[in-house]
Structure formats: C-alpha cells, structure tokens
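Read through the structure below, which is laid out as structure tokens, and then see the notes.
What follows draws every value from the coordinates through simple rules; no lab data is involved. Because the structure is predicted, anything quoted here is derived from the model rather than measured. Virtual Cβ from ideal backbone geometry, glycine too; neighbours counted across all protein chains shown.
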Amino acid sequence: CIRDSLVPFFEATDRYDLVLVDAGAGVGPAVITLAAACERVLLVVTDEPTCLTDAYATIKVLCREAPSLPVDVVVNLAPNDRTAREVHQRLSRVSERFLSVSPCYLGHLPHDPRLQRAVGRQRAVVETHPTAPSSRRFVALARELLAAAPPSRSSAPPASPTSTNPPASTGTHT
C-alpha cells in the first residue's frame, strides 16, 4: 500500500520545519495519496494549456479525496507578477466555477537563464547565483512557506537558505 510505504517518510519529517516534495505532474494514485497526507499542496504551474489542465484535474481529484486540504499556486516561468496573476486567475476562475474552490496565489518564479544554468550543473540557484531574480523569489517563497508552517516539532534550529545540508526533498515541475 502506498500510504504504508510513506509512514517512515512522514515520521522523519518531525526533524524539519518544512518539507517540500516534488511529486511531478499528474493525478496518479501515488501523487494523490501523498498530497492527501500533507498539510497543504503547492501546485507549480506554467502558462501552458496542458499544465493548467493538469493542475485543474489535480484540484478536482483533491477536492474529492481531501476536501479540506488547502491548495496554493506558484506560477513558474512567468515574465512578471502581472502575467503570473493572470495565469492564476484563469485556473482560479474555472476551479471556483466548477468545484467551488479557489487556490491561493503564492507568487511566481521568473524565467531566469541563471536558474537553467544551475540546474544544468545540478546545483541550487541560490548557491550558484544568490542575487539572481529566481534566487530572490525562492528565498521569498521559502520565507512565506515557513511563516505559514505549523510551529516546529523539532528542537533543532532551522537551516539557513544557503546551508550545504540538503532538505528532505525539494523541487518544482513545469
């Protein structure tokens, strides 16, 4: 059972203030089971029609499987905040109309060639290019997510954003 195999993972999360899991795109049973076991879902979307369709399908299944689960949206590869908000509004309008839910807008991640270079080097952009636009947005987003996270369950101090210790699991999808 997928849920039983996740028990050790969730027991280990007590050592962290926040755990991000890149579940990838789609609404397969593993993705939905994992998402339903979380305190909130962060959908990373782009302006591509197929991505928005997948995001809507994910929200629809989550409404059925975990109706009280908060869903947040970050728009990836957006040229600016205005465009990102328009993308969010399109997803939000259809979700509100057909599902009576509206995902919360958490912000955008800009298209940034330095992020692409960091990915190519298999390094975090906040380490390789700490002043890049994408780095600044990742740090701001991390602060927002940590501020909204439940109180820490561990006594360990939080890691700094530039720590060399890897987080439990991070990532985005497009």
Inset, instruction - Go ahead and collect, in residue order, the members of the stretch 61-75 whose backbone nitrogen is under 16 Å from a label point 7 Å along the Cα-Cβ direction of ALA148. - result: 68-75
Inset, instruction - Can you tell me which of 92-102, 44-54 comes out highest on packing, and rank the rest after it, using the mean Cβ neighbours within 10 Å? - result: 44-54, 92-102
Inset, instruction - May I have the extent of the alpha carbons of the stretch 43-136 along their three principal axes, as whole Å values ordered from largest to smallest? - result: 42, 26, 21
Inset, instruction - Evaluate E = 1/(1 + (r/R0)^6) for GLU127 and ARG97, where r is the Cβ-Cβ distance and R0 equals 35 Å; express this FRET efficiency to the nearest 0.05. - result: 0.25
